[in-house]
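FYI, it's all coordinate maths here, none of it is from the lab. This is a predicted model, so every value here is computed, not measured. Heads up, the Cβs are rebuilt from the backbone with ideal geometry, glycines too, and the neighbour counts pull from every protein chain shown.
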Amino acid sequence: MSDAPRSERPATTDSGAIEITSEPIVLHQRTGREAEAVDVTPAPDGEPGAAGPAGKPSSRRRKIVLGSVLAVTVAGAAVFGTVGWRIMQQKDATLATPVEVAGLTRDESEGARATIEYLRTAVNAEINFAESFGAVYADPAGPDRSVLLFGGTTLVWQPERDLDRLFDLASEEDSKVSGVRKVDAGPLGGVMKCGTAPIRDGELVFCGWADHGSIAMGMFAGRPLDESATLLREIRNAVQSRD
């Protein structure tokens, strides 16, 4: 390539391209007739639309880019901080099985114990609880309104995902839990959902909750879904505590 300045090189008559340099450029028409020299020297760095040395963005453009990156970083930190605070608040949960809760009485019969042990074993095989719990609560209004409660405590990173897994475990091949929807989780927060499954004499309501420290589910017979959800919130407020 030639070392001569671009303005001193012979103009090429068969090219219409315009090269931008730091020197005034003479534009040639295809007829060979010289046109008036036009100074297209780049504007000084810092002016609107100007480019800096070696094609670098102007200081204004750099400020815009850096500002955008900073805004995204701050937003990400805020989200992480909110989630981290929630995890710290909820992770150390304890679940108990009091003798009486929400007007119900704990069933101490052999059949109730065997049922709860079966449910705890089945759930523990899929969810690694630090501590599991379970109980059957009888309703004085009738034996067909008993509540089965089971679940456990552990550090839960994604409460809703793990609660959905628990609903899948509760579904049987010929009696799947369907119509699962979110309901109010109450003052303890987290997520709570309810659904129903068909049984021989009607339907059984499944309601469960999950937060960053616990996952639990109740099975409600002889009650509609909304009533079951309300009852589970009352039970949860009585059985769950946080350190």
Original post:
What whole number of Å gives the distance from the Cα centroid of segment 101-131 to the Cα centroid of segment 144-197?
Top reply: 15 Å
**OP:** Mind giving me the nanometre distance, one decimal, between the label points for Glu160 and Ser178, set 7 Å out from Cα along Cα→Cβ?
**Re:** 2.3 nm
Original post:
Separation between the Glu234 and Thr105 pseudo-spin-labels, each 7 Å from Cα along Cα→Cβ, expressed in nm?
Top reply: 1.6 nm
Subject >> Inverse mean reciprocal Cα-Cα distance (Kirkwood Rh) of segment 130-228, Å >> reply: 13.8 Å
**OP:** Please state the charge dipole magnitude for segment 110-170, taken about the Cα centre, from unit charges on C-beta atoms (+1 on K and R, -1 on D and E), reported in debye and rounded to the nearest 20.
**Re:** 80 debye
**OP:** Mind listing the long-range amide H neighbours of Thr154? Cut-off is under 5 Å, sequence gap 5 or more, other chains count too, H placed in the peptide plane at 1.01 Å from N.
**Re:** Ala130, Ser214, Ile215
